Amino acid sequence: MREVNVGHKYIADYQSIVPKDLMEEIRELAEPLRGKRVLHVNATAFGGGVAEILYTLVPLMTDVGLEAEWQVITAPPEFFNVTKGFHNGLQGHEFAVTQEVRELYESVLRSNAETLSHHYDFLLIHDPQPLAMRRFADVSADGDAHWVWRCHIDTSTPDQGLYDYLVPFIEQYDAAIYTMRGYAPAGLRVPIAEIAPCIDPLAPKNMALSPADAAYIVRQFGIDPDRPLLLQVSRFDPWKDPLGVVDVYRTVKASYPEVQLGLIGSMASDDPEGWEYLEKVIDYVGGDGDVFVLSNLDNVGSVEINAFQSHAAVIMQKSTREGFGLTVSEGLWKARPTIGGAVGGIPLQIQDGETGYLVHSAAECAARCIEVLDDPESAKVMALRGKEHVRRNFLTPRLLRDDLKLFNDLFEGKM
Ligand code: UDP
């Protein structure tokens, strides 16, 4: 495994942003955990929501008195083909667990587990990629460690064969965290905590950027800052429906010919499908000069994403399946009119017609985009309500509070 250097962050910096009683709760919950060792393990230090969360959560855990670390498993590319299959299979696609799949998955995690060199009090294992590590860890040397599986995806209707294979690994854990309780398949014999993810309001991706600075940055990518921009920021993945977003754009363009579309997607190292899907998106766009398909390969980093989100006239997250969809909170936090597919964790963030719009099809999404472009003032009022909703529910100190509460419960034998 490889350690990720997360630098430093300070909980005190969040004081003026989140509710005061939340800060007090964090202090109280952290006290009995002082000096406890926490290890987070996932599959990638770059791309996707989990990495995004850990860059803030890990240093904040350290700042409140725990000794927190983050390590990424090391694995050959074939392993990530298998685990992407797991990801899709857990979300409902068919997936055959062959002998070859088992051998590859288990041998990679056995060797990663063998490199666990310290005693930890809490191990948070994120998503299916490193799930089986618990099976291969030397628990005799680590008897009082608490193992928690953190599942970020909706696994309520998995491929049954795959699920039958994975359940025994899950049930070896002391607890599992799901974004929503309903994401866990019925009958799972492990204590479940329901904790939604969060965004970091002080990270370069979300910190306040002036409209002039945002316009200056997007212009560098060829966007005309004086014409409206529709935007989706997402991995190139069929569940995120980028092709549907292109359809939305085409419908909107018939009413607003000046509209532009930005499709921004990072290429995560644990997502081999992304490259293939990127090509598919580019083909589908067919050389339309008002559509900008960009990624980290075009030097789009966190500040650039911030600029695109801060500048966009409409932010979409038109997913057909979604664990949580951090990009929705990111858009709302920037007080941009935000439209999301009515799936997964998106309805936690968007109350339809109150803080944004929930949609079920490209046609509905296009109609809502047109509504926003027709009446930007009303859309802005709605987006500001969305920002307040995010402030109360989806900023990292709340996630820190929930994790600390879970650690206390595990420590006191309450789970
Ligand atoms: N993201 C990014 N660059 C991109 C595409 C996505 O930094 O080109 C970030 C995005 O801003 C968000 C995260 O990756 O913070 C995606 O998280 P989300 O929960 O929306 O989806 P996931 O990829 O975890 O399914």
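Throughout, read-outs are computed from the coordinates displayed, never taken from laboratory work. These numbers come from a predicted model, not from an experiment. Glycine gets a Cβ as well: all are built from the backbone with ideal geometry, and neighbour counts include every protein chain shown.
Over segment 127-245, what is the relative contact order in percent, taking alpha-carbon pairs closer than 8 angstrom and at least six residues apart? Provide the component values of the computation, followed by the final result.
Values: 104 pairs, mean separation 21.4, N = 119.
Answer for segment 127-245 is 18 percent.
Taking the Cα centre of segment 182-307 as the origin, how large is its charge dipole in debye, to the nearest 20, when only Lys and Arg (+1) and Asp and Glu (-1) carry charge on their Cβ atoms?
Approximately 300 debye in magnitude.
How do the peptides 95-103, 308-316, 230-238 rank, highest first, by the average count of neighbouring beta carbon atoms within 10 Å per residue?
Top of the packing list down: 308-316, 230-238, 95-103.
5 Å is the cut-off here: which amide hydrogens, built 1.01 Å from N in the peptide plane, fall below it relative to Leu229, excluding neighbours closer than 5 in sequence?
Distant-sequence amide H within range of Leu229: Gln260, Ala313, Val314.
How high is the relative contact order of segment 344-415, given as a whole-number percent (alpha carbon pairs under 8 Å, six or more residues apart)?
30
Output the 0 to 90 degree angle, nearest 10, between the alpha-carbon long axis of helix 160-170 and the longest principal axis computed from the alpha carbons of the chain.
Roughly 50 degrees, rounded to the nearest 10.
Using the Cα atoms of the chain, I'd like the radius of gyration and the largest Cα-Cα distance, Dmax, both in angstrom.
21.2, 66
Compute the angle between helix 273-285 and the longest alpha-carbon principal axis of the chain, please, reported from 0 to 90 degrees and rounded to the nearest 10.
In the chain, helix 273-285 runs at an angle near 10 degrees to the longest axis.
Quickly work out the Ala342-to-Glu78 label distance, labels modelled 7 Å from Cα along the C-beta direction, and quote it in nm with one decimal.
Each label point is offset 7 Å from its Cα along the Cβ direction, giving 4.5 nm.
How big is the gap, in Å, between the Cα center of segment 305-378 and the Cα center of segment 178-192?
Value for the Cα centre distance between the two parts: 27 Å.
Kindly express, to the nearest 10 degrees and within the range 0 to 90, the angle between helix 49-63's C-alpha long axis and the longest C-alpha principal axis of the chain.
Compared with the principal axis, the helix lies near 60 degrees.
Could you put Ile370, Ile153, Ile217, Ile17 in order, starting from the residue whose Cβ has the fewest other Cβ atoms within 10 Å?
Ile17, Ile370, Ile217, Ile153
Can you compute 3J(HN,Hα) from phi for each residue in segment 89-97, using the Karplus curve 6.51 cos²θ - 1.76 cosθ + 1.60 with θ = phi - 60°, rounded to whole Hz and x for Gly and Pro?
Taking θ as phi minus 60°, the curve returns x, 5, 8, x, 6, 6, 8, 9, 8 Hz for segment 89-97.
Restricting to Cα pairs below 8 Å that are 6+ residues apart, what does the relative contact order work out to for the chain? Please round to a whole percent.
17
Could you list log10 I(q)/I(0) for segment 1-84 at q = 0.11, 0.18, 0.19 Å⁻¹, which the Debye formula gives when each Cα is one point scatterer?
-0.38, -0.82, -0.88
So what is the calculated 222 nm ellipticity per residue for the chain, using -39500 (n - 2.57) for each DSSP H run with n of 4 or more, over all residues, to the nearest 500 deg cm²/dmol?
-13000 deg cm²/dmol
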